[in-house]
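Taking it in order: structure first as structure tokens, then the write-up.
Only the coordinates and a few stated rules stand behind these numbers; no lab work does. Not measured: the values here are computed from a predicted model. All Cβ positions, glycine included, derive from the backbone under ideal geometry; neighbour counts span all protein chains shown.
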Amino acid sequence: MAVNEIVRMYEDLNRALKKPVEKRSWVMVIDVRRCVGDHACAVSCMAENVCPPGTSYRWVFETEYQNYPKLDRFFMPANCQHCDNPPCLKAANRHKRGAITKRPDGIVVFDYEKLSRSSSAMDAAKKACPYYAIVDDRGDYYTENTPKLEPYETRTFFEYDRKLNRKKTKGTIRKCHFCLHRLESGMIPACVSTCIGRAMYFGDLNDPRSLVSELIRKEKTLRLKEAEGTKPRVYYIGFKDRANISISTPATCQVCHQ
Ligand code: SF4
Ligand code: SF4
């Protein structure tokens with residue numbers, strides 16, 4: 001991605017913010033040809049959202065297909081897919097009404113207060129999500145058992161338009177929120193702005209002039225586990241030469257061993 005693509009995404013974002021929220025449709029596009037697997041996006045996400053030890057809203061999976069000498073290896077970053085038909089929402093809300101909601105711009109919202117009061121809603125959401133996108137905040141700190149907790153762990157941060165700190169997220173489940181606080185301040189998500197390989201794109205699918213709309217129109221796209229009917233809002237591109245690969249979101253050790 002050239003620098004002017006970043007400028008273009010900022011212009012797209014500013015155009016979208018001039019519209020009412022229900023006219024926006026946020027999507028993420030990931031070009032697997034460009035991802036170099038350095039995990040900078042995941043690190044910037046952890047810092048932005050003050051994630052607890054062992055958790056990340058974002059994984060960079062390493063995927064292989066074919067055998068030597070044709071072996072091909074590439075990277076697939078993934079986060080909450082902000083499904084338009086979200087299984088987490090249906091499952092959690094059976095136990096706690098309104099615990100998970102969907103904004104008109106597509107962002108799937110976790111209500112931390114409601115969720116933390118219902119362990120059955122949290123368990124149901126985690127079990128229902130086919131993308132391993134949900135993590136537990138058990139209240140651990142990287143700097144516990146040191147003379148004092150470091151300010152980077154105790155600072156305030158913003159998710160879903162709420163001002164939070166780790167005391168308020170302890171005991172709940174968390175996930176990517178498309179950096180809603182940054183979007184509403186006219187900034188692209190932290191992972192997109194940090195991406196070393198310039199593999200990440202973000203914008204408004206309702207705007208035919210936006211870069212994401214153009215990419216989705218021009219490229220062959222793939223969405224993870226589409227057959228499950230979840231309607232994900234994360235589109236992968238760059239699979240042209242990997243037509244026969246059967247993609248499923250693989251688990252890494254960390255997914256189960258948080
Ligand atoms: S990816 Fe998982 S957590 Fe995100 S909206 Fe879909 S089902 Fe819910
Ligand atoms: S920062 Fe970009 S290139 Fe690096 S792992 Fe994340 S998506 Fe891939």
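Pairs exceeding 18 Å between alpha-carbon atoms, taken from K126/K167; K23/K102; K126/K168; K96/K126; K102/K225; K70/K220: K126/K167; K126/K168; K102/K225; K70/K220. Let me know the whole percent of all Cα-Cα pairs from segment 54-162 that are separated by more than 23 Å. Cα-Cα pairs in segment 54-162 separated by more than 23 Å: 44 percent. Here the sum of -39500 (n - 2.57) over DSSP H runs of 4 or more residues, divided by the residues of the chain, equals -7500 deg cm²/dmol at 222 nm, to the nearest 500.
The label point for T101 and the one for E11, both projected 7 Å from the Cα toward the Cβ, are 3.5 nm apart. Protection proxy ranking, highest mean first, for peptides 194-203, 145-154, 13-22: 194-203, 13-22, 145-154, where packing is the per-residue count of other beta-carbon atoms within 10 Å, averaged. So how tilted is helix 3-17 from the main axis of the chain? Cα-based, degrees 0 to 90, rounded to 10. Relative to the chain, helix 3-17 is tipped by roughly 60 degrees.
The amide H of F61, built 1.01 Å from its N in the peptide plane, has M76, A78 as neighbours under 5 Å, considering only residues 5 or more places off or on other chains.
Looking at the chain, the DSSP beta bridges with both ends there are about 85 percent antiparallel. Computed over neighbours whose Cβ is under 10 Å from that of C80, the net charge equals +4, Lys and Arg +1, Asp and Glu -1.
When you count, for each residue, the other Cβ atoms within 10 Å and take the mean per peptide, how do 94-100, 131-137 rank with the highest first? Could the numbers behind the result be given before it?
Numbers: 94-100: 17.6, 131-137: 20.4.
Packing proxy ranking, top to bottom: 131-137, 94-100.
Calculated from the alpha-carbon coordinates, segment 3-256 shows an Rg and a Dmax of 18.1, 55 Å respectively.
Applied to segment 181-187, the Karplus parametrisation 6.51 cos²θ - 1.76 cosθ + 1.60 on θ = phi - 60° returns per-residue 3J(HN,Hα) values of 5, 6, 4, 6, 9, x, 10 Hz, with x for Gly and Pro.
If R0 is 30 Å, the Cβ-Cβ spacing of K218 and V21 corresponds to a FRET efficiency of close to 0.65. Length gained on full extension, V43 to E226: 63.1 nm, using 0.36 nm per residue less the C-alpha separation.
Across the alpha-carbon set of segment 1-130, the Rg to Rh ratio works out to 1.03, Rh being the Kirkwood radius. Multiplying the residue separation of T143 and R94 by 0.36 nm and subtracting their alpha-carbon distance yields 13.9 nm. Taken one residue at a time, the phi angles of segment 123-134 give Karplus couplings (6.51, -1.76, 1.60, θ = phi - 60°) of 4, 5, 4, 4, 5, 6, 6, x, 10, 6, 8, 9 Hz. Gly and Pro are set to x.
Database remark: amide H of V29 closer than 5 angstrom to the amide H of Y201, F202, Y235 (H placed geometrically; neighbours at sequence offset of 5 or more, or on other chains; Pro and chain starts carry no H). Taking Lys and Arg as +1 and Asp and Glu as -1, the other residues whose beta-carbon sits under 15 Å from that of P52 total +1.
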